[in-house]
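Q: Let me give you the structure first, and then I'll get to my questions.
The values are calculated or read from the model by the stated rules, or taken from the named source; none is laboratory data. If you're wondering where the values come from, they're calculated on a predicted model, not measured in any experiment. No Cβ is skipped: glycine too gets one built from the backbone with ideal geometry, and neighbour counts run over all protein chains shown.
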Amino acid sequence: MARTASVERNTLETQITVNINLDGTGKSKFDTGVPFLEHMMDQIARHGLIDLDITCKGDNHIDDHHSVEDIGITLGQAFAKAIGDKKGIVRYGHSYVPLDEALSRVVIDFSGRPGLDMKVEFTRASIGRLDTQLFWEFFQGFVNHANVTLHIDNLKGFNAHHQAETIFKAFGRALRMAIELDPRMAGMMPSTKGSL
């Protein structure tokens, strides 16, 4: 059964469409008006082997806040829809990813409970024009709507671009591990509660 979803979110601030295939090959297509976020979401697609097609028309003339947060929300909604009842998935995923001097760890649980613990001290306030505070908004939007528990730790790094890239690569790889279908768990819920 295909694990795909298409979600639209329209507000007075943004109009977003997300198409996702959890069992893809890492293909991506973006038109969001936020170039550095697109570069980061490409890491999610490639390292997660998830096909992503995301468009966003937002009020970027004000700043990128609404677009980045709402893309996180809509991506979370798409994940929740595509993953379905979660039967047979591994459920947990983790990854350490280095890039030169930077190293990040991401751990995720498709727990059914939203929670974000993000410990990242970016060495710059912005990367290009993108405010580094907006990464927290992206991930908070994602966890609230995908209903996952997510821990993000940048363990070291002094180049802010490298810090961000290790986070998103590790996020993609952790997602890939967590959403993998385990043949030994076929049709089974990965929880002693019987539901997630």
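Q: Taking the stated definitions as given, is Phe79 crowded, with 19+ Cβ neighbours inside 10 Å, in contact with a Gly (Cβ under 7 Å, 6 or more places away or on another chain) and among the hydrophobic types (A, V, I, L, M, F, W, C)?
A: Numbers: crowded, with 19+ Cβ neighbours inside 10 Å: yes; in contact with a Gly (Cβ under 7 Å, 6 or more places away or on another chain): no; among the hydrophobic types (A, V, I, L, M, F, W, C): yes.
Here the answer is no, as Phe79 does not meet what is asked.
Q: Right, here's the next one. Hey, which of the strands (runs of 3 or more DSSP E) in the stretch 60-121, taking only ones fully inside, have at least 3 residues that are touching a residue at least 40 places away in the same chain (Cβ under 8 Å) and of a type in the set (A, V, I, L, M)? Break it down stepwise before answering.
A: Numbers: elements: 92-99, 102-109, 115-119.
Those strands (runs of 3 or more DSSP E) span 102-109.
Q: Let me ask something additional. Determine whether Arg173 is modelled with pLDDT of 95 or more and not in a loop (DSSP other than H, G, I, E, B). Spell out the reasoning first.
A: Details: modelled with pLDDT of 95 or more: yes; not in a loop (DSSP other than H, G, I, E, B): yes.
Yes; evaluated as a whole, the condition is true for this residue.
So that you can scan it fast, the table gives a plain yes or no per residue for (1) among the small types (Gly, Ala, Ser); (2) touching a strand residue (DSSP E or B) at 6+ places or on another chain (Cβ under 8 Å); (3) crowded, with 18+ Cβ neighbours inside 10 Å:
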site	(1), (2), (3)
Ile73	no, yes, yes
Lys86	no, no, yes
Ile89	no, yes, yes
Gly93	yes, yes, yes
Tyr96	no, yes, no
Leu103	no, yes, yes
Gly128	yes, no, no
Asp153	no, yes, no
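Q: Now, a different point. Could you count how many residues in the stretch 130-151 are touching a strand residue (DSSP E or B) at 6+ places or on another chain (Cβ under 7 Å) and either within 20 Å of Asp64 (Cα to Cα) or surrounded by fewer than 21 Cβ atoms within 10 Å (Cβ to Cβ) (or both)? Can you show your working first?
A: Filtering the stretch 130-151 down to residues touching a strand residue (DSSP E or B) at 6+ places or on another chain (Cβ under 7 Å) leaves 132, 136, 139-140, 143, 148-151.
In the following step, the residues that additionally are either within 20 Å of Asp64 (Cα to Cα) or surrounded by fewer than 21 Cβ atoms within 10 Å (Cβ to Cβ) (or both) were identified as 132, 136, 139-140, 143, 149, 151.
Final tally of qualifying residues: 7.
Q: Suppose the filter is modelled with pLDDT under 95 and farther than 30 Å from Lys87 by Cβ; does Arg129 pass it?
A: On the way: modelled with pLDDT under 95: yes; farther than 30 Å from Lys87 by Cβ: yes.
In short, yes.
Q: How many of the residues making up the stretch 1-39 are at pLDDT below 95 and not in a loop (DSSP other than H, G, I, E, B)? Quick ask: steps written out before the conclusion?
A: Just the residues of the stretch 1-39 that are at pLDDT below 95, to begin with: 1-2.
Among the residues that remain, those that are also not in a loop (DSSP other than H, G, I, E, B) are: none.
Of the residues in the stretch 1-39, 0 are at pLDDT below 95 and not in a loop (DSSP other than H, G, I, E, B).
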